[in-house]
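Report on the following structure.
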Amino acid sequence: MVGESPALQTVKATIEKVAPTEARVLITGQNGTGKELVAHWIHEKSKRQEKPYVAVNCAAIPSELIESELFGHEKGSFTSAHKQRLGKFEQADGGTLFLDEIGDMSLAAQSKVLRALQENLITRVGSDKDIKVDVRVIAATNKDLKKEIEEGKFREDLYHRLSVILIQVPPLKDRKDDIPLLLNKFLEDIAQENGSLPKKITPEAITYLKELPWTGNIRELRNVVERLVILGEPT
């Protein structure tokens, strides 16, 4: 969480307050703003820090597989289920489960996640046995979930279960004063990855970069820095 801008300081202060608790957190923000970094920091500052941190990108898993991914399955429960498999809830038992892009989850899976949050119980696909789990759930989305609720695409009861604490991660355009610090961090990281000395960016270049729109946010900035390091002239 690199930066000293007021917008980022608000996020950091909220993390400091909520991390030691067991409260569920819903992180919102545009793509590339660092929502998973916020979730990981909450885990690292929580009482569960020595337990597993398991992340799931709900948008990257086909709807027909999301239940198996989250809750596991028994051998033979479907065609390709050649052996028993533990789901992410069981893998995260005692720790933190980060559900990224939860707005892309099917309504069927949402109902089972809701039950897991209400009762701390999950059921593997192909089984009728309840399994008790102790998991702190942190969710994130780039969607307007209240609009999704109005359109019937997201369960309102699940929204209220997830959003005990709301953290809005600011886009890079709202924290442009952090760009010089981010540039230095990325230059150091890229140099370390390549086993070379960090390159430098001129003050004029920094001023120019601060004026760009950065619709891809921090992820886009990092990509641009890496491109400059690779294609730029040796220093």
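The values are calculated or read from the model by the stated rules, or taken from the named source; none is laboratory data. Note that the structure is a prediction, hence the values are computed from the model and not measured. Positions of Cβ are backbone-derived with ideal geometry, glycine not excepted, and every protein chain shown enters the neighbour counts. All accessible areas refer to the heavy atoms of the entire protein, side chains included, with ligands and DNA or RNA removed. Shrake-Rupley method; radii C 1.70, N 1.55, O 1.52, S 1.80 Å.
Within the set of pairs 6+ apart or on separate chains, which have a first residue in region 220-232 that is closer than 16 Å to residue 202 by Cα, a second that is at pLDDT below 95 and surrounded by fewer than 18 Cβ atoms within 10 Å (Cβ to Cβ), and C-beta atoms under 7 Å apart?
Pairs found: 229/199; 232/199.
Residues being within 13 Å of residue 40 (Cα to Cα) and in a loop (DSSP other than H, G, I, E, B): count how many of those fall in region 1-12.
Total meeting the criteria: 1.
Yes/no per residue for (1) open to solvent by 20 Å² or more (accessible area, probe 1.4 Å); (2) touching a residue at least 40 places away in the same chain (Cβ under 8 Å); (3) not in a helix (DSSP H, G or I):
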position	(1), (2), (3)
14	yes, yes, no
17	yes, no, no
27	no, yes, yes
46	no, yes, yes
49	yes, no, yes
70	no, yes, no
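Checking residue 155 against (1) over 18 Å from residue 27 (Cβ atoms); (2) of a type in the set (D, E, K, R); (3) in contact with an Asp or Glu (Cβ under 9 Å, 6 or more places away or on another chain); (4) surrounded by 17 or more Cβ atoms within 10 Å (Cβ to Cβ): exactly one of these is not met. Which one?
(3)
Take the residues in region 137-151 that are under 14 Å from the mean Cα position of the chain (by Cα) and not β-branched (Val, Ile, Thr), then tell me which one is surrounded by the most Cβ atoms within 10 Å (Cβ to Cβ).
Residue satisfying both the conditions and the ranking: 139.
If you take the residues in region 29-44 that are touching a strand residue (DSSP E or B) at 6+ places or on another chain (Cβ under 7 Å) and more than 19 Å from residue 217 (Cα to Cα), which one is surrounded by the most Cβ atoms within 10 Å (Cβ to Cβ)?
42
For region 110-130, enumerate the residues that are among the small types (Gly, Ala, Ser) and either in contact with a strand residue (DSSP E or B) (Cβ under 7 Å, 6 or more places away or on another chain) or crowded, with 19+ Cβ neighbours inside 10 Å (or both).
Passing the criteria: 116, 126.
Applying the selection to region 38-87, what residues are in contact with a Lys or Arg (Cβ under 8 Å, 6 or more places away or on another chain) and of a type in the set (Phe, Trp, Tyr)?
Matches in region 38-87: 71 only.
Which of (1) in a strand (DSSP E or B); (2) of a type in the set (Val, Ile, Thr); (3) touching a Pro at 6+ places or on another chain (Cβ under 8 Å) does residue 33 not meet, given it meets every other one?
Failed condition: (1).
Which of the residues spanning region 51-68 are open to solvent by 80 Å² or more (accessible area, probe 1.4 Å) and within 30 Å of residue 20 (Cβ to Cβ)?
Matches in region 51-68: 51 only.
Conditions tested, residue by residue: (1) open to solvent by less than 40 Å² (accessible area, probe 1.4 Å); (2) more than 30 Å from residue 113 (Cα to Cα); (3) β-branched (Val, Ile, Thr).
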{"residue": "168", "(1), (2), (3)": "no, no, no"}
{"residue": "174", "(1), (2), (3)": "no, yes, no"}
{"residue": "185", "(1), (2), (3)": "no, yes, no"}
{"residue": "191", "(1), (2), (3)": "yes, yes, no"}
{"residue": "200", "(1), (2), (3)": "no, yes, no"}
{"residue": "204", "(1), (2), (3)": "no, yes, no"}
{"residue": "213", "(1), (2), (3)": "no, yes, no"}
{"residue": "219", "(1), (2), (3)": "no, no, no"}
{"residue": "226", "(1), (2), (3)": "no, yes, no"}
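Going residue by residue through region 132-153, is there one that turns out to be among the basic types (Lys, Arg), more than 22 Å from residue 105 (Cβ to Cβ), touching a Leu at 6+ places or on another chain (Cβ under 9 Å) and without any contact (Cβ under 8 Å) to a residue 24 or more places away in the chain?
Yes, region 132-153 has at least one match.
Residues to consider are 162, 107; find the one that is open to solvent by 10 Å² or more (accessible area, probe 1.4 Å), within 17 Å of residue 57 (Cα to Cα) and among the aliphatic types (A, V, I, L, M).
Exactly one residue qualifies, and that residue is 107.
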